[in-house]
Amino acid sequence: MRDQNIDLNQFTFSVVEKDVVVIGNGPAGLSASFLLAGHQPIYNGTGHPDPMLSARLSSLSEGESLMSEEKLQFLAQGMEEYGGTSLVGTLFDALMHPGAVTGLDISSPVTWSLAPPVDHVVLGDGPPGGIWQRLDPDLLTLSLSSWMELPGLRISSDGQQRTTAKEVAEYYKRYVMELGLSRYYEQCKVISVKHLEKMPKVNWEVTTEDANGNRIVYRSRFCILATGSCIPKKLGVKGEDEHNIVHDLVSLEERLSHFTDRSCRVLIIGSGLSAADAVLLARFRNCQVIHSFRADDVTLGSMLPESMYPEYHKVRQMMKHNHGYPGYFAYGGSTVGDLESNHAIITTSSHSKPIIVEFDVCAVLIGSHSDLSFLSNFTSGLELTRNEEIKEIDPKRNPVVVDPWTYETSKFKGIGLHAIGSLVGDIYVRYIPGGAVAAVSHIVNTIKMFNAH
């Protein structure tokens, strides 16, 4: 509830007290809200196709909650063999989707019961779903549609097929509405997050601003960072901010729509799946494609079955062989210099002199990182220094370090700061609910301990 209004030099803002503030309204933030709203995973007595996991589950009583650190550690034994991004994330992927890998329709041994909710708010700068609301709606998901599901609500499409970004975005909106989470959601921009050291029962002060410039300050004991990776990485070269240089697929499609009377020349920089999607988009529009990427050894899509992902295997073949594809020119093992005046300077290992290419549109698609600018006083402490050359938090190479069973940030333990989702390396939606369960379990049990005293 809003407990006071403050007027400073004719600027009015509200102060609101909450138990938990969740920053980010993508899959991670929505999963956390579902759990904070009182939903908790319980064992329903059903077995699991993994005999070892089934044996551990059978030691629990039917109807027993899984919301404890000890139970998560016990059940997650042996999850390393699944190859997921985290033990708890892999555990809940196995529990929620026991038949996804085999394609069988197997009932989950977990159901969701309702307990008293935790007073919380979810802050996001757009509609529920985060970056999924800004992707090209026709883009096919990398994961099966069932792996895009969050706890408590099935996605409508065939779970054993890939689906479109549009359907996923609509599902996340529906998730908030059908599960009654709308009352916890506020659309706003987070301006700053401060740690309050001398206020009893309050650790965090989060300042937000809505579209009309109104500010609300939230004060809470706990803060969950769930912002995902939404800031495109840049090359840092001259000309990169010119109008015909884009850093996402939606902007690329918008730029290409202006070339209705003629084909255009598109320079695509990057070797990942987004760059491959850009190649496919440009060729669909009969554009000439110049493709520059650092790697000499092309691994795009090598771990994906060709029967399910034929488009990525096709682009990989084009990148490796670079012949027999009219209108497509690949420069492997290359770096790009200036991008000024519709010209790019490409340096390759196979050419003694730099190559100058002309383009009408350039798409720089080299990954993304998390926006934690509102945490300016804390980001250096959050980084995992496995690679000191990486300055920003990167979900693959430099994630936020958390306790694997509570998802409390390792550098700031004891002050109620948790991180979940791609911030901590859980880059696939299927692994996100487990981290949310770990974080919310710790928060709920900590609140119970405080209340008992």
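Under 1.5 on a/c is rounded, so check that first for segment 26-116, then, if it is not, pick prolate when a/b is larger than b/c and oblate when it is not; a ≥ b ≥ c are the square roots of the alpha carbon gyration tensor eigenvalues.
Judged from the Cα gyration tensor, segment 26-116 comes out rounded (a/c under 1.5).
Note down the nm distance, to one decimal, between modelled labels 7 Å out along Cα→Cβ at residue 52 and at residue 240.
According to this spin-label approximation, the distance is 4.4 nm.
Farthest toward the dipole's positive end in the chain, which of 206, 128, 114, given Cβ charges of +1 (Lys, Arg) and -1 (Asp, Glu) about the Cα centre?
206
Please compute the contact order of the chain in relative form: average sequence separation of alpha-carbon pairs under 8 Å and at least six residues apart, divided by the residue count, as a percent.
It comes to 19 percent, rounded to a whole number.
Suppose each label sits 7 Å from its Cα in the direction of the beta carbon; what would the residue 341-residue 307 distance come out to in nanometres?
The answer from the label model is 5.4 nm.
At a probe radius of 1.4 Å, what is the per-residue accessible area of residue 112, in Å² to the nearest 10?
70
Taking the alpha-carbon set of the chain, what are its Rg and Dmax in Å?
23.6, 74
P(r) for segment 154-262: what percent of alpha-carbon pairs falls in each 5 Å bin, starting at zero?
Percent of Cα pairs in each bin: 2, 8, 10, 12, 13, 15, 14, 12, 8, 3, 1, 1, 0, 0.
Sorted by average packing, counted as other Cβ atoms within 10 angstrom per residue and highest first, what order do 185-194, 51-60, 330-339, 423-432 take?
Peptide ranking by packing, descending: 423-432, 330-339, 185-194, 51-60.
As an exercise, use a Förster radius of 35 Å and the Cβ-Cβ distance of residue 111 and residue 80 to find the FRET efficiency, rounded to the nearest 0.05.
0.85
Taking the Cα centre of segment 67-201 as origin and charging only Cβ (+1 Lys, Arg; -1 Asp, Glu), how large is the dipole, in debye to the nearest 20?
540
Label-point separation (nm) for residue 403 and residue 317, each offset 7 Å from Cα along Cα-to-Cβ?
Output for this residue pair reads 5.2 nm.
How high is the relative contact order of segment 141-204, given as a whole-number percent (alpha carbon pairs under 8 Å, six or more residues apart)?
Relative contact order of segment 141-204: 22 percent.
Across bins of 10 angstrom width beginning at 0, how are the C-alpha pair distances of segment 395-453 distributed, in whole percent?
All Cα pairs, binned at 10 Å, distribute as 25, 50, 20, 5, 0 percent.
Just check segment 177-237 against the gyration tensor rule for me: Cα atoms, a ≥ b ≥ c as the square roots of the eigenvalues, rounded for a/c under 1.5, and otherwise prolate or oblate depending on whether a/b exceeds b/c.
oblate
Kindly provide the GluC sites (Glu not before Pro) of segment 199-247 that DSSP labels as loop, not H, G, I, E or B, and whose Cβ sees at most 12 other Cβ atoms within 10 Å.
Sparse-neighbourhood loop GluC sites (Glu not before Pro): 242.
Cβ neighbours within 10 Å, averaged per peptide: list 126-132, 249-255, 68-74 in order, most packed at the top.
126-132, 249-255, 68-74
At a Cα cut-off below 17 Å, give the aspartates and glutamates reachable from residue 396, other chains included and same-chain residues fewer than 8 away excluded.
By straight Cα distance, residue 396 reaches 371, 383, 388, 426.
Taking square-rooted eigenvalues a ≥ b ≥ c of the alpha carbon gyration tensor, is segment 163-207 rounded, prolate or oblate, where a/c under 1.5 means rounded and, failing that, a/b exceeding b/c means prolate?
prolate
Amide H neighbours of residue 331 under 5 Å, at least 5 residues apart or on other chains, H built in the peptide plane: list them.
291, 292, 293
List, largest first, the extents of the alpha carbons of segment 46-198 along their principal axes, each in whole Å.
For segment 46-198, the Cα spread along each principal axis is 50, 47, 27 Å.
Taking a threshold of 24 Å on the Cα-Cα distance, which of the pairs 198/448; 194/413; 71/413; 201/411 fall above it?
none
When the distances between all Cα atoms of segment 259-310 are binned every 10 Å from zero, what whole-number percent does each bin get?
All Cα pairs considered, the percentages come to 23, 46, 25, 6.
Could you please put 353, 238 in sequence from largest to smallest accessible area, using a 1.4 Å probe?
Ranking 353, 238 by accessible area, largest first, yields 353, 238.
The values are calculated or read from the model by the stated rules, or taken from the named source; none is laboratory data. Keep in mind that this is a model prediction, so the values were computed, not measured. Because the Cβ atoms are built from the backbone with ideal geometry, glycine has one as well, and the counts that use them run over all protein chains shown. Side chains included, ligands, DNA and RNA excluded: accessible areas come from the protein's heavy atoms. Shrake-Rupley method; radii C 1.70, N 1.55, O 1.52, S 1.80 Å.
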